[in-house]
Amino acid sequence: MKTPVTITVTGAAGQIAYSLLFRIASGSMLGCDQPVNLRLLEIEPAMKALNGVVMELQDCAFPLVNDIVATCDPDEAFKDANWCILVGSVPRKAGMERKDLLSINGKLFIGQGKSIAANAAKDVRVFVVGNPCNTNALIAMKNAAGVPNDRFFAMTRLDENRAKSQLADKAGVHVSRVTNMAIWGNHSATQYPDWTNAKIDGKPVTDLISDMDWLKGEFITTVQQRGAAIIAARGLSSAASAANAAVDTVRSLSFPTPEGDWHSVAVCSDGSYGIEAGIICSFPIRTKEDGSWEIVQGLPIDAFSREKIDATVNELLEEKAAVSDIL
Ligand code: NDP
């Protein structure tokens, strides 16, 4: 029996967590032979609902779940955590400016960064889902003294999965034939789904999709606006697909990336591709055999892509400037 991995999930009574926790507990994320300790963090008013989620987890009798702790104390939740999946954040309300949202969540992620640094395991990795996830991750990273920058991630995998699905649909092929789909920049409407370097059956997407107007226009806006389209259709934000993307991200960061491919996740920029070092920006990433990761180097960036990447990076720089007092 392997040693259990301790996984902390914040916002554990929310709708993404309601899907995510059961996938983690079933072994979808770290494998069917990997036991887990679940540490579930919520704010005090949500503890009653969280206890209901715990009852349901118990009622699944998952063989891989070693133990479960539900708490509203961050220090208890992050104790010995190997993975911190930060889903909880305060949603944007009508009339609220992005700057207000950044500042409200900023305070939350300062506290969580400090608590992670003080309590988590030495090998901790921190993965932010709660929006604005790139900047929340930046704030947590800056406040987690002693935890290396390469342990912080923010989620853009749902955007990657959405982009692959759109390309597959347009080309009339199964989604598994679409690879090398990089999302650049911010998890927001400025993100750039890079079809210029994506492949279908190992060949450029333009071999199967000749509609350049669609690639340069509707494809990108469909991916950028997909979250809003789901809210319009369902009356609720995407949750199961967001949870699935979180599972995909942690799995992709835990196991070597298949030869020749990459996956998308926001990491601390090292200046690659001229993107300012130190911001949490989505790149094409490969996970190596030893468990470390690297930004894929040397991809051709044409003038079209450069413009799109610059726009989304500029938004990240604006977000960083808006929270500069707490970094
Ligand atoms: P969800 O579980 O639906 O969403 C949680 C976060 O994930 C939000 O920031 C949301 O951003 C983001 N998110 C949603 N969809 C996506 C997506 N498709 N891709 C990437 N990110 C996405 O929210 P709920 O309101 O149901 O639950 C939030 C929970 O967090 C509540 O139970 C609340 O009590 C809790 N909370 C916990 C805290 C803590 O543990 N300390 C602190 C604050 C809140 P967006 O709003 O933009 O959709």
Point to revise | Condition met for Asp75 (outside any loop (DSSP other than H, G, I, E, B), touching a strand residue (DSSP E or B) at 6+ places or on another chain (Cβ under 7 Å) and surrounded by fewer than 15 Cβ atoms within 10 Å (Cβ to Cβ)) | key: no
Review point. Can you tell me which of Gln225, Gln191 is within 13 Å of the ligand (Cβ to nearest atom), open to solvent by 90 Å² or more (accessible area, probe 1.4 Å) and of a type outside the set (A, V, I, L, M, F, W, C)?
Key: Gln225
**Study point:** Where a residue in the stretch 166-194 is closer than 17 Å to Phe153 by Cβ and its partner, wherever it lies, is modelled with pLDDT of 95 or more and β-branched (Val, Ile, Thr), with Cβ under 6 Å and at least six apart
**Key:** Ile183/Thr156; Trp184/Ile309; Gly185/Thr312; Gly185/Val313; Asn186/Thr312; His187/Thr156; Gln191/Ile183; Gln191/Thr312
Review point. So Cys84 fits all but one of (1) within 13 Å of the ligand (Cβ to nearest atom); (2) in a strand (DSSP E or B); (3) without any contact (Cβ under 8 Å) to a residue 40 or more places away in the chain; what number is the exception?
Key: (3)
Revision key, fill the gap. Filtering the stretch 160-188 for residues that are surrounded by 16 or more Cβ atoms within 10 Å (Cβ to Cβ) and over 25 Å from the mean Cα position of the chain (by Cα) leaves a count of 2
Check your understanding: Can you name the residue in the stretch 28-64 that is part of a loop (DSSP other than H, G, I, E, B) and within 16 Å of the ligand (Cβ to nearest atom) and is also nearest to Val9 (Cα to Cα) among such residues?
Key -> Glu42
Practice item. Out of Leu101, Leu21, Leu30, Leu50, report the one residue that is touching a residue at least 40 places away in the same chain (Cβ under 8 Å) and open to solvent by less than 40 Å² (accessible area, probe 1.4 Å). Key: Leu30
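The values are calculated or read from the model by the stated rules, or taken from the named source; none is laboratory data. Every value quoted in this text rests on a predicted model; they were computed, and no experiment measured them. Here Cβ is always computed from backbone atoms with ideal geometry, including for glycine, and neighbour counts include all displayed protein chains. Remember, those area values only see protein heavy atoms, side chains included, never the ligands or the DNA or RNA. Shrake-Rupley method; radii C 1.70, N 1.55, O 1.52, S 1.80 Å.
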